[in-house]
Amino acid sequence: MNGRARFAFTALAFGYAFLYLPIVLVIVYSFNESRLVTVWAGFSTKWWQALFANEAMLDAAWLSLRIALVSATAAAAIGLAAGYALARAPFFFGRTLFGSLVIAPMVMPEVVMGISMLLLFVGSEQVFGGPDRGFLTIALAHTTFSIAFVAIVVQARLADFDRSLEEAAMDLGATPWVTFRTVTLPLIAPAVGSGWLLAFTLSLDDLILTQFVAGAQSQTLPMRVYSSVRLGVDPQINVLATIIVCVAACALILSGWLTRRKV
């Protein structure tokens, strides 16, 4: 190994260590006997047992899970339609504006999105009497910023799609809807599933946007964790972080595997 390659390898190793070593330490200290999160006092699973007996934390986790399921499903459906339109209709009036609106949530700061969503829901409450800020408003907000990720994945999959398969189906008498349902959708299903998993993961750990649109009685898991760590890091947070890391890692690995599938 020459000097340049050794330097590149060393820099890469330090970079990965900087990113992932703190996560590894969190996982290790979730099995710490001591209440002090910086002092190792032996192996123990008591903080895991304490977390699963913490009803407030479990309620927040269940709320976040339900919101993520609803918002990811809605984002997958709408993102599929948006990505299909962008890929299959390259020329239509307002396409540039439509494409910009689809991509905007990916580049717009969450604080700006949160303020705009808050103003929207407050105005809707005054005019229409609802919806009250809570589960529905959080799910709508998460769906809004997740659509972009699904649409991008679907559009990228359709970019190298073999159109001859659709043409063959239509030559045999299939209508455009039947062709889409029986040929196109099954072949792009891995991309839709990948987008769904990305939307689910983004919703599950969102904090900034959620704080703007959540009601007083709707505290998601990230909000509960944030309010807890301001008073000091409880060892249960290490356990919770370990579970979230495992869930997110599994979702991302599955998302990458689905994206690489061709059929």
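Quick notes on this structure:
- Spacing of the two label points (7 Å from each Cα toward its C-beta) at Trp257 and Leu19, in nm: 2.1 nm
- Helix axis angle, 135-159 relative to the chain longest principal axis, alpha carbon, degrees: 60 degrees
- Region 109-263, Rg to Rh (Cα coordinates; Rh as Kirkwood inverse mean 1/r): 1.11
- Using alpha carbons only, the radius of gyration of region 58-187 set against its Kirkwood radius gives Rg/Rh = 1.08.
- Each residue of the chain gets 206 Å³ once the volume of the Cα convex hull is shared out per residue.
- At q = 0.12, 0.22, 0.24 Å⁻¹, base-10 log of I(q)/I(0) for region 83-160 (Debye sum, equal scatterers on each alpha carbon): -0.45, -0.99, -1.06
- Gly215 long-range amide H proximity, modeled H, under 5 Å: Gly134
- Remark: spin-label model distance Gln126-Val245 equals 4.6 nm, labels positioned 7 Å along the Cα→Cβ axis.
- Long-range amide H partners of Asn32 with built H, under 5 Å: Ser44
- Distance between region 183-261 and region 51-81 - C-alpha centres, whole angstrom: 8 Å
- Computed from backbone phi, the HN-Hα couplings of region 168-178 come to 5, 5, 6, 5, 8, x, 6, 6, x, 5, 5 Hz, rounded to whole numbers (Karplus: 6.51 cos²θ - 1.76 cosθ + 1.60, θ = phi - 60°; Gly and Pro given as x).
No value in this document is a laboratory result; all are computed from the given coordinates. Values in this document were obtained by computation on a predicted structure and should not be read as measured data. Every residue, glycine among them, receives a Cβ derived from its backbone with ideal geometry; neighbour counts consider all protein chains shown.
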